[in-house]
Each structure stands twice: as C-alpha cells, then as structure tokens.
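Novice: This is the structure, below, for whatever I ask next.
The values are calculated or read from the model by the stated rules, or taken from the named source; none is laboratory data. Since we're looking at a predicted model, the values are computed, not measured. For neighbour counting, all protein chains shown are included, and Cβ atoms are generated from backbone atoms with ideal geometry for every residue, glycine included. Note: areas computed on protein heavy atoms with side chains; ligands, DNA, RNA excluded. Shrake-Rupley method; radii C 1.70, N 1.55, O 1.52, S 1.80 Å.
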Amino acid sequence: VFSCPPAVTSPCKILKCNSEFWAATSGSHHLGAEEAPEFCTALRAYAHCTRRTARTCRGDLAYHSAVHGIDDLMVQHNCSKDGPTSQPRLRTLPPGDSQERSDSPEICHYEKSFHKHSAAPNYTHCGLFGDPHLRTFTDTFQTCKVQGAWPLIDNNYLNVQVTNTPVLPGSSATATSKLTIIFKSFQECVDQKVYQAEMDELPAAFVDGSKNGGDKHGANSLKITEKVSGQHIEIQAKYIGTTIVVRQVGRYLTFAVRMPEEVVNAVEDRDSQGLYLCLRGCPASQQIDFQSIRSAQASEGRARRKGPSLPAPPEAFTYETATAKCREKLPVEDLYFQSCVFDLLTTGDVNFMLAAYYAFEDVKMLHSNKDKLHLYERTRVLSPGNTAPTGTHPTLWVALLCLCWLCLL
C-alpha cells in the first residue's frame, strides 16, 4: 500500500533443498550402522544444494538453520565432507515412529509448569492478513506498508518472519507471500524446528519432514495438524502455551497466534524489540494514517490524474459492490469489515474478502477476551470494552476511498 518499486520474489531455494534431503532420508536414523554411508551421501548432497543457493539466501532464517543443522548432523554421524553426493532412495517412516509419542514431561505443558500461582494465564493474540492489516498483542489495529521481509515475533522461544510482495504489477498493494517460523530448542521438550510456507505451498510438516518436536521426550508438545489440505494448518506448541494458525487464501498467506503474555514478553533485551510487529506494531513510517489521506489526495490526486493511469484490477469493485460483498461474510462494520472493503477496492481480488473473514474467525477462536473481538476506528479513545457502535463513521470511508484511488492511480 505504498509507492515503492515492486519487490522481486526471492530466488532462495532452501525449501527445495530441505524437502529433497528429508524426503530421501526420512527414517534413516532408525536404521543400522550399515546405512550410515547412505545417510552421509544424502547429507553431502544437502550441503551441496545449500551452497548453490547461498548467494540468494542471505538473511533467510530457514537457510541459516539448515546450514547449522547440516554441520551438526555431519558430526553426529561421523560423515566426511568429501565423497559422493548422489541422492539415496526414498524412504518412509516405519510404524511406531517417535512422532506418535504421546507421553510428555510436565515441564513440556505450559499451564502445568510455567505457572505456579493460582491466576490463570493471560493470553494475547496477534494476526496479519490482507493488504496487509495487523492486529498486535495489545489489540492495536494498523494497516501497514511493510513491503519485503519483516519480523512479526522474536522472543526467547520462537521467531516469525513474513515477506510481503506486490499484489499486481505496477500497484503498491502488497500481501504476505512467505512465512518462516523457527521454534527454538527447549530443554527436554523439543528440538529446533523450522516451518516455512510460500504462495501455493502450505506444507503440513516442518521443513525436515517431521510433524512434531523431534526426538526429545516431550516432542509431542509441538505438533502440526492439517485442517484443510493446502489451505489451513494449525501448530500447537503446548510447552509455551501457544497456538498458531496459518492459512492460504487465494494466493496469499494469513497468520494468527494465541500466546501467553509471559511468553510474549520473554525477551532478553526489550528495548531492541521495537521492530517486531506483533509486539510494537509497524514503525510510524510504515503505517497508513487515515486522517492525513484526505489532504494528501487533494494535492497528489490531481497531479496523478493528469498522468497515464496504471492497469485496472482484474475485477473492478465500486464502493457499493465492495460493501455488499463484504457484508456477505462480515455483517458487523468493524475494522475487519472496513479492511475487506479497502482490499477489494485496491486489489479487485475477492479472495481478500475471505482473508478478512478468516482473520476474524481466527480472532474468535484465539482471543481470550470475547468483549474485544471487534475493533473499531476510534478504539484508542473508547473506554475499556470497545463498546463502539456498529455503524461506520462517514469520514473514515472518505479516507478509505481517497487512499484506494491513490493505490489505483
């Protein structure tokens, strides 16, 4: 939603390297010593693949995790870095694999181990969807520019990073095209695990092919569940009391998380957390100020109308048709409804209506305070409880429409 040159989709192929290696060796750690040479061959092929894509993967969290993981596995299996790199045959996990383990130590269950007092945990929610719209852990709602890679969460237990790319050629509207989640190794509960999703690829497993926290005793306290194939996955991290929902709606991704306040604030240097969007929101320079849109349109809009127009969205919505479409799924005219209308006007893609709808469905499932499900434009000046009227303030629609024209011109 801002006028910067369109970002180029990253050519980093680490997800392909990960998939090839783990597909080829899945179950090898259960085999006898005679299979070690075959596993080492796969490791060398994995290392060779990461070297080929190293230049294009700078700053990619999954890439750096893979490189460190390869070094560790080389040492564990006494593998030489020199030797054949041909891919071994495909394997399948044998019955009774540790991924089915159900017993977990108490420390791997947040509500049993982290809280020794009688008060119930205070859970918070953060969500990112659409073009893109952010709801922070403090229930602040923002529409942000944030093109490129941005960190959503970074605490002592996990990192989440998203990449936002232009929706249409020549348009400044952006949406989330890539998501990386790193669960850090934690005591006897889980090994480090990386989850990565991209446009048209929503895996139901971590990048190493597993669906739980690894080989530790409490591995089952971290699990991935596929709700709808290719469209909806849920990650339960019971050892930190956290639930994450990732969806693909149309071509783009949405993210929602429920996390205890204690985990949210578990950071070594809180003063350095200003860039992490779920905790502090988007930087001021990346936020869209609806109140300033009208004055900006008066000077900039006239100048833009004199120049050549950019291509129109594939399906042109008017204000009336956009509001009618959004009311089909979002009858309350809160900020989710307004975001839906805004996205339809800026992109012409009806899938953005579904993204807003599912984002609110995730709020209903994950937010612990049912009185704060709906957010309204004047949230900051309301008394606690967000008891705002359901009608939309007319000046907000003026600002929204002005902003939409700026995006389309």
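Novice: For Tyr276, Tyr239, give me the order by solvent-accessible area with a 1.4 Å probe, most accessible first, ignoring ligands, DNA and RNA.
Specialist: Values: Tyr276 45, Tyr239 0 Å².
Listed by decreasing accessible area, they come as Tyr276, Tyr239.
Novice: Ok, one more. Which order do peptides 213-226, 50-63 fall in by mean Cβ count within 10 Å, highest first?
Specialist: Numbers: 213-226: 20.6, 50-63: 16.2.
Final packing ranking: 213-226, 50-63.
Novice: Shifting gears a bit: Please list, ordered by chain and number, the residues whose modelled amide H lies under 5 Å from the amide H of Gln192; skip anything fewer than 5 residues away on the same chain.
Specialist: HN-HN under 5 Å from Gln192: Ser185.
Novice: Straight-line reach from Lys325: which lysines fall under 23 Å, measuring Cα to Cα and dropping same-chain residues less than 8 apart?
Specialist: Candidates past the 8-residue exclusion: Lys364.
Novice: Which far-off residues, 5 or more places away or on another chain, put their amide H under 5 Å from the one on Asp131, with H placed in the peptide plane?
Specialist: Here nothing satisfies the definition.
Novice: What are the ³J(HN,Hα) couplings of segment 66-72, residue after residue, when phi is run through the Karplus curve with 6.51, -1.76, 1.60 and θ = phi - 60°? Round to Hz, x for glycine and proline.
Specialist: Taking θ as phi minus 60°, the curve returns 5, 4, 5, x, 4, 4, 5 Hz for segment 66-72.
Novice: Let me ask something additional. What list of ³J(HN,Hα) values in whole Hz, one per residue of segment 151-161 in order, does the Karplus curve 6.51 cos²θ - 1.76 cosθ + 1.60 (θ = phi - 60°) give from phi, with Gly and Pro shown as x?
Specialist: So the J values, rounded to whole Hz, are x, 8, 9, 8, 10, 5, 10, 7, 10, 10, 10.
Novice: Below 23 Å, Cα to Cα, which lysines can Lys184 reach? Residues fewer than 8 away in the same chain don't count.
Specialist: Lys13, Lys16, Lys112, Lys193, Lys211, Lys216, Lys223, Lys238
Novice: Let me ask something else. How much length, in nm to one decimal, is gained on full extension between Arg327 and Glu20, taken as 0.36 nm per residue of separation minus their Cα-Cα distance? Display every interim value, and only then the final one.
Specialist: Working: separation 307, 0.36 × 307 = 110.52 nm, distance 4.46 nm.
Gain in length upon complete extension: 106.1 nm.
Novice: Continuing with this model, one more query. Collect residues whose amide H, placed 1.01 Å from N in the peptide plane, falls under 5 Å from the amide H of Thr124; neighbours closer than 5 in sequence don't count.
Specialist: Met259, Glu261
Novice: What nm distance separates the two modelled labels at Lys184 and Glu111, each placed 7 Å from Cα along Cα→Cβ?
Specialist: 2.6
Novice: Oh, and also: May I have the convex hull volume per residue, in Å³, for the Cα set of segment 103-243?
Specialist: Working: hull volume 16.9 nm³, N = 141.
That works out to 120 Å³ per residue.
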